[in-house]
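The values are calculated or read from the model by the stated rules, or taken from the named source; none is laboratory data. It should be emphasised that the depicted structure is a prediction, and the values quoted were computed from it without experimental measurement. With ideal geometry, Cβ positions are generated from the backbone for all residues, glycine too; neighbour counts draw on all protein chains shown. Just the protein is used for accessible areas: all its heavy atoms, side chains included, with ligands, DNA and RNA removed. Shrake-Rupley method; radii C 1.70, N 1.55, O 1.52, S 1.80 Å.
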Amino acid sequence: MVGNCLFCDLFQGKIPSTILYRDDDCFIIKDINPVAPIHLLVIPIKHLTYLEGFSDEDFAVLSSIFKAARDFAISEGISDSGYRLTINQKEDSGQQVPHLHLHLIGGHNLSGIG
Ligand code: AMP
Ligand code: ZN
C-alpha cells in the first residue's frame, strides 16, 4: 500500500471499481480497456512492483495470483479454448501501472496479437 498508486487506491475504494474476487493475497477487476472479450487483471493486494526485488514471501503471492487466474479462466469458460496470462515489467513491455498485475486475456483467438 503506497500513495499515488492506481491499484492500491482502487483496492482501498478511493477509485470506484467493481472487485470481482478477493482473497488474502489478491483481487480481480475487469480491465477498463479490454483487448479481448475477457480481460481481467489479477492484482496482489500488497504493493509489489518488479520481480527482481521479490522476496520469497512475494513469490508465494505469485502462486496465489496464478491460482486465482486459473480459477477465473475456468469459471469464465475459457479454460478449454485457451487464454493468455501476461505480466508486463517496465518500459519496454509497455507497462502502464507500476503495481504488479497479471492480465488474464481470452474469449477469442489471440494468434498473431501481441
Ligand atoms: P499494464 O500496461 O500491464 O501496466 O496494464 C495496466 C492495465 O490497467 C491496462 O490494460 C489498463 O487498461 C488497465 N487500467 C488502467 N486503469 C484502470 C482502471 N481504473 N480500472 C481497470 N483497469 C485499468
Ligand atoms: Zn500499489
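Starting from residues that are away from ligand 2 (no atom under 16 Å from the Cβ) and hydrophobic (A, V, I, L, M, F, W, C), keep the ones in region 74-101 and report whichever is nearest to PRO37 (Cα to Cα).
Filtering region 74-101 down to residues away from ligand 2 (no atom under 16 Å from the Cβ) leaves 74-86, 91-94.
Within this subset, residues satisfying the condition of being hydrophobic (A, V, I, L, M, F, W, C) are 74, 78, 85.
On the way: ILE74: 15, ILE78: 10, LEU85: 14 Å.
Taking the candidates together, the pick is ILE78.
Within the group SER63, SER79, which residue is open to solvent by less than 70 Å² (accessible area, probe 1.4 Å), free of Cβ contacts under 8 Å to residues at least 40 places away in the same chain and not in a loop (DSSP other than H, G, I, E, B)?
Numbers: SER79 fails: not in a loop (DSSP other than H, G, I, E, B).
Going through SER63, SER79 in turn, the sole match is SER63.
Please work out which one of (1) farther than 26 Å from ASN109 by Cα; (2) of a type outside the set (Ser, Thr, Tyr); (3) surrounded by 11 or more Cβ atoms within 10 Å (Cβ to Cβ) is the condition GLU57 fails and give its number.
(3)
A quick yes/no check of all residues on (1) in a loop (DSSP other than H, G, I, E, B); (2) near ligand 1 (Cβ under 7 Å from one of its atoms); (3) on the phi < 0 side of the Ramachandran plot:
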| position | (1), (2), (3) |
| --- | --- |
| CYS8 | no, no, yes |
| GLY13 | yes, no, no |
| PRO16 | yes, no, yes |
| ILE29 | no, yes, yes |
| ASN33 | yes, yes, yes |
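Any residue at all in region 75-85 that's more than 22 Å from ILE15 (Cβ to Cβ) and of a type in the set (A, V, I, L, M)?
Taking region 75-85 as the starting set, the residues that turn out to be more than 22 Å from ILE15 (Cβ to Cβ) are 75-85.
From what's left, of a type in the set (A, V, I, L, M): 78, 85.
Yes, region 75-85 contains a residue that is more than 22 Å from ILE15 (Cβ to Cβ) and of a type in the set (A, V, I, L, M).
Filter region 15-36 for residues that are open to solvent by 80 Å² or more (accessible area, probe 1.4 Å) and either within 16 Å of ligand 2 (Cβ to nearest atom) or farther than 15 Å from HIS47 by Cα (or both) and give the result.
Residues of region 15-36 open to solvent by 80 Å² or more (accessible area, probe 1.4 Å): 16, 18, 22, 24, 30, 32-33, 35.
If the condition is that a residue be open to solvent by 80 Å² or more (accessible area, probe 1.4 Å) and either within 16 Å of ligand 2 (Cβ to nearest atom) or farther than 15 Å from HIS47 by Cα (or both), then PRO16, THR18, ARG22, LYS30, ILE32, ASN33, VAL35 are the ones that fit.
The conditions are (1) of a type outside the set (Asp, Glu); (2) out of contact with any Gly (no Cβ under 7 Å at 6 or more places or on another chain); (3) surrounded by 15 or more Cβ atoms within 10 Å (Cβ to Cβ), and ASN88 fails exactly one of them. Which is it?
The one condition ASN88 does not meet is (2).
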